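What follows is one structure encoded as structure tokens, with my remarks underneath.
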Amino acid sequence: MGAGIRILAAFLAVLAAAAAGGVTAQLRQDYYAAVCPDLESIVRDAVSKKVQAQPVAVGATIRLFFHDCFVEGCDASVILVSTGNNTAEKDHPSNLSLAGDGFDTVIQAKAAVDAVPACTNQVSCADILALATRDVIALAGGPSYAVELGRLDGLVSMSTNVDGKLPPPSFNLDQLTSMFAVNNLSQADMIALSAAHTVGFGHCSTFADRIQPQKEDPTMNATYAVDLQAACPTGVDPNIALQLDPVTPQAFDNQYFVNLVNGRGLLTSDQVLYSDARSQPTVVAWAQNATDFELAFVDAITRLGRVGVKTDPSQGNIRRDCAFLN
């Protein structure tokens, strides 16, 4: 009887493990090998042209991928436009600052893929966004890595679904860690993915509370605070945005962590990674070792790409136009 119970328990454990990994097990690097064998080079060429024309597409595309995956999973639902009876994710206040060049990167890559007859309407927008994210990172000098494929495009995009799903710039370590944990991402994953702020921009409003005269955030480098006060004076145009990394703003590197050690994190949610003693050792380690950071980042963004993916036709499809449901 005891042996029978143990066998049953082992069987149930295997079933549970299979269920937990079922979705990601359906993602694979060669998913499109039979129908669109040149997919990756097609996307890479299109993304390269976009980045050459608009370098800001690097940070914009990475941020788009993150905002997509944390709301309804990595399903390109953030790209869908609002309709007369539905306000889509992209029009939620948290997404209004998503740069148009990120969306355009995906749209241009999708057009390039669909221009190849064998590939037309065979590749999801969600997978193109995942590939484009890898490509902009590599083009900016960051690591290139294998991308798991096989995501379907979501059928739902509602502004209300964004509520409470994206971390505001005011979050502390516990809040950041909890939000990432909901998406099966560890604190180390969160710290690694935060380094996407080695490229891109932050609007003055996202850090204005840190640079109030006579009320400057004590965790911020004093000289940096003065520079930011000059660039973002009281009453500044709300469209003004500053580079998140003031040292190597167009390079995807570990300078982000060096900046944090030096008190030059732009957002509260950046600098807290160093000022909080629990995460500080990781920040210091990656500031000193770019290779270790890149390995951790590739691991983390691969896990990010698995969040809430849809592989069942009842959950999604392959959109003909990334911005509209079929």
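The values are calculated or read from the model by the stated rules, or taken from the named source; none is laboratory data. These numbers were taken from a predicted model, which means no experiment stands behind them. Cβ coordinates were reconstructed from backbone atoms using ideal geometry, including for glycine residues, and neighbour counts include every protein chain displayed. In case anyone asks, the SASA skips ligands and DNA or RNA and just uses the protein heavy atoms, side chains included. Shrake-Rupley method; radii C 1.70, N 1.55, O 1.52, S 1.80 Å.
Details
- Pairing residues of segment 243-265 that are under 17 Å from Thr223 (Cα atoms) with residues that are β-branched (Val, Ile, Thr) and crowded, with 23+ Cβ neighbours inside 10 Å, at Cβ distances under 6 Å and at least 6 apart in sequence or on separate chains, gives Asp245/Thr198; Leu260/Val283.
- Filter result (open to solvent by 20 Å² or more (accessible area, probe 1.4 Å) and touching a residue at least 12 places away in the same chain (Cβ under 8 Å)) within segment 139-149: Leu139, Gly141, Tyr145, Ala146, Glu148
- Of all residues in segment 34-72, exactly one satisfies the criterion of being outside any helix (DSSP H, G or I), touching an Asp or Glu at 6+ places or on another chain (Cβ under 9 Å), of a type in the set (Val, Ile, Thr) and over 15 Å from Ala251 (Cα atoms), namely Val71.
- So Gln229, is it in contact (Cβ under 8 Å) with a residue 12 or more places away in the chain, open to solvent by 30 Å² or more (accessible area, probe 1.4 Å) and within 21 Å of Gly141 (Cα to Cα): no
- Selection within segment 292-306 - in contact with a helix residue (DSSP H, G or I) (Cβ under 7 Å, 6 or more places away or on another chain) and either assigned to a helix (DSSP H, G or I) or among the aliphatic types (A, V, I, L, M) (or both): Asp292, Phe293, Ala296, Phe297, Ala300, Ile301, Arg303, Leu304
- Qualifying positions in segment 311-325 - closer than 20 Å to Val106 by Cβ and either among the charged types (D, E, K, R) or touching a Ser or Thr at 6+ places or on another chain (Cβ under 7 Å) (or both): Ile318, Arg319, Arg320, Asp321
- Within the option set Ala57, Ala46, Ala76, being on the phi > 0 side of the Ramachandran plot, surrounded by 14 or more Cβ atoms within 10 Å (Cβ to Cβ) and modelled with pLDDT of 90 or more holds for one residue only, Ala76.
- Val247 being open to solvent by 10 Å² or more (accessible area, probe 1.4 Å) and of a type in the set (A, V, I, L, M): yes
- Hey, Gly263 open to solvent by 20 Å² or more (accessible area, probe 1.4 Å), at positive phi and out of contact with any Pro (no Cβ under 8 Å at 6 or more places or on another chain) or not: no
- Among the conditions (1) open to solvent by less than 20 Å² (accessible area, probe 1.4 Å); (2) part of a loop (DSSP other than H, G, I, E, B), Gln122 misses just one, which is (1).
- For segment 122-133, residues that are farther than 17 Å from Ala33 by Cβ and out of contact with any strand residue (DSSP E or B) (no Cβ under 6 Å at 6 or more places or on another chain) total 3.
- Test: residue in segment 92-107 that is among the hydroxyl-bearing types (Ser, Thr, Tyr) and outside any helix (DSSP H, G or I): yes
- Within segment 188-217, tally of residues that are open to solvent by 60 Å² or more (accessible area, probe 1.4 Å) and within 21 Å of Ala287 (Cα to Cα): 1
- Of the listed requirements (1) touching a Gly at 6+ places or on another chain (Cβ under 9 Å); (2) under 29 Å from Glu294 (Cβ atoms); (3) among the hydrophobic types (A, V, I, L, M, F, W, C), Leu228 misses just one: (1).
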